[in-house]
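To start, the structure itself, in structure tokens.
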Amino acid sequence: MDGDKIKPVYGDRASTLAAMRAAAEKWGSINVNGTARDKAIAVELAAEHGFKITNPELQEQLAAAREKVEELRRREQARERTEAEAQREVRQADRSTATHERPFDGGGDDHAYRTESEAASAVRAERSLGQTRQNQFRSTSTSRRRSSGSARLSRNC
């Protein structure tokens, strides 16, 4: 911290996030200085964590980043709901198999279990979600490794 400026110790996302938290706590809003890369990291973090950036030239990027974050959250919620449903289907199929229950019409509202083909579909959906999650993790890890640099966060004058 230097008077009305807070500079990240390192140029990575974690250090920039810590500096942005300190700046937001101290001043409420943040004016970002630094390279284009530093500003891009700050915009991503502001979108993810709800910081207010006052730089006029970054407002469009910030709005786009917030939309992207919201879309990712919606996708994650849908994935979680689908995964929960797939797990429920698998449990129901396992119970049906263990108790030797056989649906006479392929399952439905009046049955608490599903056919083997329905259970197999649920297992495939669960595996597909696992692969999607791994791909998202790889994508996030790659973009974070590329992010290094230094940003200055200052009080809006």
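The values are calculated or read from the model by the stated rules, or taken from the named source; none is laboratory data. Just so we're clear, the structure is a prediction, and the values are computed from it rather than from any experiment. All Cβ positions, even for glycine, are placed from backbone atoms using ideal geometry, and neighbour counts span all protein chains on display.
Worth pointing out:
- The listed residue being in contact with a strand residue (DSSP E or B) (Cβ under 9 Å, 6 or more places away or on another chain) and within 25 Å of Leu72 (Cβ to Cβ), out of Ala14, Ala47, Ala36, Ala19: Ala19
- In a residue-by-residue description of region 3-17, the property of being modelled with pLDDT of 85 or more, hydrophobic (A, V, I, L, M, F, W, C) and outside the structural domain of Gly130 (by TED's automatic domain parsing) applies to at least one position.
- Positions within region 1-42 being of a type in the set (Lys, Arg) and either surrounded by fewer than 16 Cβ atoms within 10 Å (Cβ to Cβ) or within 18 Å of Pro56 (Cβ to Cβ) (or both), in sequence order: Lys5, Lys26, Arg37, Lys39
- Top-ranked residue in region 46-104 [being among the hydroxyl-bearing types (Ser, Thr, Tyr) and modelled with pLDDT under 90; ranked as surrounded by the most Cβ atoms within 10 Å (Cβ to Cβ)]: Ser96
- Yes/no for Lys26 being over 30 Å from Ser128 (Cβ atoms), free of Cβ contacts under 8 Å to residues at least 40 places away in the same chain and of a type in the set (D, E, K, R): no
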